[in-house]
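Asks: Just passing along the structure, written as structure tokens.
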Amino acid sequence: MMARESRGSAFSRHLRGLTLALLLPCSAPVMGQDSDKLVQFDTPDQGSANPLGREEQRYLAFGEAMYDYYSGRKFNALTRLLVNRKQGLFGQGDTDYAELLMGELYLTLGLPGKAEALFDKLLEKELLRQTRAETWFQKGVLHYEEGARDKAIEVLESDNVEGLPQQLESRRSLMLANLYMGRKDFARALEYLYDIPDDTRQGAYANYNMGVAMIRSGQHSKGIELLRTVMDLAKGDTETNALKDRAALAIGLTALRRENFATARGALQNVRADGPFSNEALLALGMVNYDRGNPKKALPLWLELVQRDPGHKAVQEALMLAPRAYEDLGAKPQSLAGYQHAADTYRQELRNVETAIRQINEIEWLEKLKPETPPERAVPDPMSDLDDYTAKSGPQMTYLYKLFASHEFARMFRQYVQLDRLRMLLGQWERALPAMGETLARQKSELSAAMDPVRKQLVTARQQQRKLETRAHKLVSDIPARPSMERPEDVAGYEELIMWQRVQKLEKKLDNASGRQAERLRRVRGLLLWDIARDAEQQRQQQQRHAGNLVEKTALAGVRTQSVEQLVRDATRRVRGDLDESFSDKYRRLGSLQDEVNALIDDVKQVLKNDALEVLAERRQRLADSLGQARLAIARVQDESVSDDRQQRSGETTNTDEEAETQ
Amino acid sequence: MAAVILCLTQASMAQDEGLSGRIQSIKEGVLNLNRDLSLLEDELMYASSEASFYLSIDAGSPIRLVDINLTLDGNHIGYHFYSEQEFQALSQGGIQRLYNGNIESGRHTLEATITGYSPDGKDFRKSTQYEFTKGPAKKRIELRVLDDLDGQKHRFDFREWDE
């Protein structure tokens with residue numbers, strides 16, 4: 001009986017002691033259910049962790065790079081891939097596609113040498129058919145962008161690029177069409193052009209370029225036919241509509257040059273009045289009427305045009321054409337006023353060009369061309385696409401459209417913006433590095449102070465945890481699988497246990513009693529045993545469950561102890577590590593790169609400035625020529641007026657003499 | 001005269017080549033420094049207590065995610081609203097790191113609430129929970145939104161790794 005008692009009480013104490021001991025370190029908050037959930041999807045999953053192998057590491061790392069790449073954060077994507085490579089994730093296993101992506105990103109950033117080295121290395125390997133085709137395709141793109149036309153054609157037409165996905169296939173056709181256009185081999189260019197759907201933007205641009213190229217080489221009707229496919233496209237976004245206008249204008253000007261006035265007129269009427277090419281269209285429409293010998297119909301168009309922005313080339317041309325039409329109609333005073341207005345306007349524009357030249361020299365005009373940075377992003381991705389230049393203000397902007405349209409300026413301006421963003425990125429690191437250095441210093445001092453006490457506590461905690469774990473396991477093994485009424489206290493519930501202990505005490509007390517009291521006690525005992533036996537199965541299951549939980553909790557305490565041990569090892573490495581040296585190295589590299597980037601940006605700005613000044617000088621010369629023409633025209637009209645007056649006057653004198661003679 | 005022009009052109013091309021070479025060299029320098037600083041930052045900020053939670057969806061999935069809200073043990077740890085481009089990035093195989101930080105060891109409950117549009121255009125809001133134990137290793141958990149083609153629905157699935 002005593003043995004049974006001590007075993008039973010030890011069991012209960014054990015259980016309670018363990019529960020209390022484990023509740024303290026493992027009091028993780030219990031999640032409540034959100035009341036506003038529309039659907040609670042699945043029951044909570046309980047996972048088990050697998051070790052993160054190389055393949056899984058690559059899967060996550062490459063997936064992140066892809067996410068950045070497709071989200072337009074290409075510089076981030078490239079940095080991630082470089083980090084992955086430095087961590088040894090490349091080179092083994094299935095990493096070909098990641099390396100291909102890296103090469104493509106190098107190419108986008110303007111590092112063709114690095115890209116080509118990667119592609120060549122990839123092509124030495126056994127690759128999947130599509131990866132091989134895409135790698136060759138990227139090599140073709142590389143040659144295309146470097147202007148190596150023959151090499152690009154050779155690669156892009158070879159069997160190596162067979163098996164490209166549809167999207168790249170269209171790009172391949174477009175590049176080949178452009179390459180053959182450059183060779184003036186329009187028949188071949190057309191073959192590739194047919195592969196690009198007309199209703200895509202790529203197709204529309206290809207048709208436009210092809211049409212213009214054919215007209216320039218004398219194949220007018222075929223060129224116009226292609227331009228018509230663009231002009232007749234359905235209305236779309238701003239870019240599509242502008243391209244439609246441009247195609248209509250090109251048809252109109254071509255027809256005008258060939259004196260096909262009806263075609264010219266029909267095409268020019270398709271140019272939108274509020275579009276970016278309406279000035280050119282008005283000028284050309286006026287020319288159609290004028291060349292047909294109808295200056296009266298040309299005049300209103302040019303008069304409308306001269307009221308527009310005088311910085312525009314078409315407006316400046318119209319300033320001389322409108323008075324010319326008046327002149328042809330015999331309206332000399334209006335003509336003279338028109339030429340005088342033209343001269344005044346040219347003079348004013350010359351002053352504006354001079355101001356623009358001064359401003360280009362003095363003001364950060366390139367700043368105004370840069371795309372605006374969204375407020376939420378401190379540093380825009382250096383490799384993100386550039387929109388059209390947005391001229392916010394300044395007289396120089398009006399005169400630089402020719403410059404903005406040039407491919408060379410676009411290329412150099414892109415370099416400028418990329419370098420400027422890289423400078424911002426370096427600036428961001430410059431601000432972050434001191435904070436990182438401070439963090440390291442604070443971590444070191446705090447960790448140094450905390451390490452010894454933590455190590456001691458950890459030894460104690462580890463010992464306690466092991467003891468508790470052993471006890472928990474023992475407890476589980478000590479609980480018999482099936483309940484037995486040989487020891488009712490082992491299967492009694494809490495209240496039943498108290499009752500059972502009271503009954504036992506009373507039994508001892510009334511050991512010698514007899515009669516009614518003993519009989520009553522015997523009945524109570526019997527009833528209590530009945531109750532205990534009834535709930536015994538359920539009680540045993542609950543005990544097994546609790547004991548199992550205790551094993552789990554002691555194991556969890558073990559995991560937490562291991563975590564702290566790992567953190568101590570991390571901290572030891574941190575305190576003794578060479579991060580300080582690494583910081584110094586980064587500071588040095590950062591400083592030197594900042595100096596180099598600043599110097600380079602200044603050089604690039606100088607190149608862009610020289611280009612801009614060249615354009616402005618050309619505009620100044622043209623305006624000066626126009627001013628000279630206007631002055632000559634004024635003198636001519638005035639001379640003609642004077643001689644007309646004289647003729648009129650001499651005519652009047654002759655008439656008077658004749659009249660006098662008659663009288 | 002032609003010789004002078006040729007000389008000038010060649011000089012200009014050489015200058016441009018020089019500038020291009022410098023630009024390339026500096027870009028490479030910045031790229032490498034950025035890589036090394038990212039690694040340094042990672043080393044400094046995240047020790048073995050690091051945990052990262054990722055999101056991926058089935059490639060070409062017909063659903064459209066609008067946003068995701070993430071809580072850890074009831075505390076808000078992240079929210080992301082998806083632009084069209086970002087959603088496309090996910091559906092083309094991209095994996096988004098939703099959270100990266102240091103967490104305590106022990107049991108944790110991660111809850112993700114996603115709103116979006118189902119293939120039939122109806123909007124939905126769904127939540128899922130995941131319980132895990134953070135031990136001495138770095139923790140990586142991926143939440144995958146998978147298409148369930150039979151039921152024309154989608155389901156959540158978690159994968160967990162210790163590094």
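Asks: Need the failing condition index for A:I196 against (1) under 37 Å from the mean Cα position of the chain (by Cα); (2) part of a helix (DSSP H, G or I), just the number.
Replies: The single condition A:I196 does not satisfy is (2).
Asks: Moving on to the next point. Scan region B:76-92 and give yes if some residue there is touching a strand residue (DSSP E or B) at 6+ places or on another chain (Cβ under 8 Å), in a strand (DSSP E or B), among the polar types (S, T, N, Q) and in the same structural domain as B:D157 (by TED's automatic domain parsing), otherwise no.
Replies: no
Asks: Regarding A:D644, is this residue more than 29 Å from A:A314 (Cβ to Cβ), in contact with a helix residue (DSSP H, G or I) (Cβ under 8 Å, 6 or more places away or on another chain) and modelled with pLDDT under 90?
Replies: Yes; evaluated as a whole, the condition is true for this residue.
Asks: When A:V288 is evaluated against the numbered criteria (1) surrounded by 20 or more Cβ atoms within 10 Å (Cβ to Cβ); (2) at pLDDT 90 or above, which criterion, by number, is the only one it fails?
Replies: Here A:V288 meets the rest and fails (2).
Asks: Which members of region A:474-491 meet the condition of being surrounded by 15 or more Cβ atoms within 10 Å (Cβ to Cβ) and either under 56 Å from the mean Cα position of the chain (by Cα) or part of a loop (DSSP other than H, G, I, E, B) (or both)?
Replies: Within region A:474-491, A:I479, A:P483, A:R487 qualify.
Asks: Also: Report, by residue number, each residue of region B:22-65 that is facing chain A (nearest Cβ under 7 Å), over 20 Å from the mean Cα position of the chain (by Cα) and modelled with pLDDT of 90 or more.
Replies: Correct list: B:R22, B:I23, B:Q24, B:I26, B:K27, B:E28, B:G29, B:V30, B:L33.
Asks: Can you confirm whether region B:129-138 contains a residue that is surrounded by 18 or more Cβ atoms within 10 Å (Cβ to Cβ) and either more than 10 Å from every other protein chain (Cβ to nearest Cβ) or in contact with a Cys (Cβ under 9 Å, 6 or more places away or on another chain) (or both)?
Replies: No, there is no match, as no residue in region B:129-138 is surrounded by 18 or more Cβ atoms within 10 Å (Cβ to Cβ) and either more than 10 Å from every other protein chain (Cβ to nearest Cβ) or in contact with a Cys (Cβ under 9 Å, 6 or more places away or on another chain) (or both).
Asks: Among the residues of region B:92-111, write down those that are of a type outside the set (F, W, Y) and more than 9 Å from chain A (Cβ to nearest Cβ).
Replies: B:L98, B:N100, B:G101, B:N102, B:I103, B:L110
Asks: Right, next: State whether the residues of region A:566-579 include one that is modelled with pLDDT under 85, open to solvent by less than 80 Å² (accessible area, probe 1.4 Å), out of contact with any Leu (no Cβ under 8 Å at 6 or more places or on another chain) and more than 14 Å from chain B (Cβ to nearest Cβ).
Replies: The answer is no; no qualifying residue exists.
Asks: Being more than 10 Å from every other protein chain (Cβ to nearest Cβ) and either surrounded by 12 or more Cβ atoms within 10 Å (Cβ to Cβ) or under 32 Å from the mean Cα position of the chain (by Cα) (or both): is that true of A:E596 here?
Replies: Against the criterion (more than 10 Å from every other protein chain (Cβ to nearest Cβ) and either surrounded by 12 or more Cβ atoms within 10 Å (Cβ to Cβ) or under 32 Å from the mean Cα position of the chain (by Cα) (or both)), A:E596 does not qualify.
Asks: State the number of residues belonging to region B:29-51 that are in a strand (DSSP E or B) and surrounded by fewer than 20 Cβ atoms within 10 Å (Cβ to Cβ).
Replies: 1
Asks: Quick one: which helices (runs of 4 or more DSSP H) lie wholly within region A:46-136 and hold at least 3 residues that are crowded, with 20+ Cβ neighbours inside 10 Å and within 12 Å of chain B (Cβ to nearest Cβ)?
Replies: It comes to A:54-70, A:74-86, A:96-109.
Asks: From the list B:I57, B:I68, B:I63, B:I103, exactly one residue is in contact with a helix residue (DSSP H, G or I) (Cβ under 6 Å, 6 or more places away or on another chain) and among the β-branched types (V, I, T). Which is it?
Replies: Residue meeting the stated conditions: B:I57.
Asks: Could you tell me whether A:L168 is buried (at least 19 other Cβ atoms within 10 Å of the Cβ) and under 24 Å from the mean Cα position of the chain (by Cα)?
Replies: Here the answer is no, as A:L168 does not meet what is asked.
Asks: Output yes when any residue across region B:70-91 is without any contact (Cβ under 8 Å) to a residue 40 or more places away in the chain, more than 9 Å from chain A (Cβ to nearest Cβ), on the phi < 0 side of the Ramachandran plot and among the acidic types (D, E), and no when none is.
Replies: Yes: one or more hits.
One line per residue, one yes/no per condition, for (1) under 21 Å from A:L105 (Cβ atoms); (2) of a type outside the set (A, V, I, L, M, F, W, C); (3) surrounded by fewer than 16 Cβ atoms within 10 Å (Cβ to Cβ):
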position	(1), (2), (3)
A:S173	no, yes, no
A:M181	no, no, no
A:Y194	no, yes, yes
A:G211	no, yes, no
A:S221	no, yes, yes
A:T229	no, yes, no
A:L233	no, no, no
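The values are calculated or read from the model by the stated rules, or taken from the named source; none is laboratory data. In this text the structure is predicted, and so the values were computed from the model without any measurement. Glycine gets a Cβ as well: all are built from the backbone with ideal geometry, and neighbour counts include every protein chain shown. The protein model used for the area step is the full one, side chains on, heavy atoms only, and it has no ligands, DNA or RNA in it. Shrake-Rupley method; radii C 1.70, N 1.55, O 1.52, S 1.80 Å.
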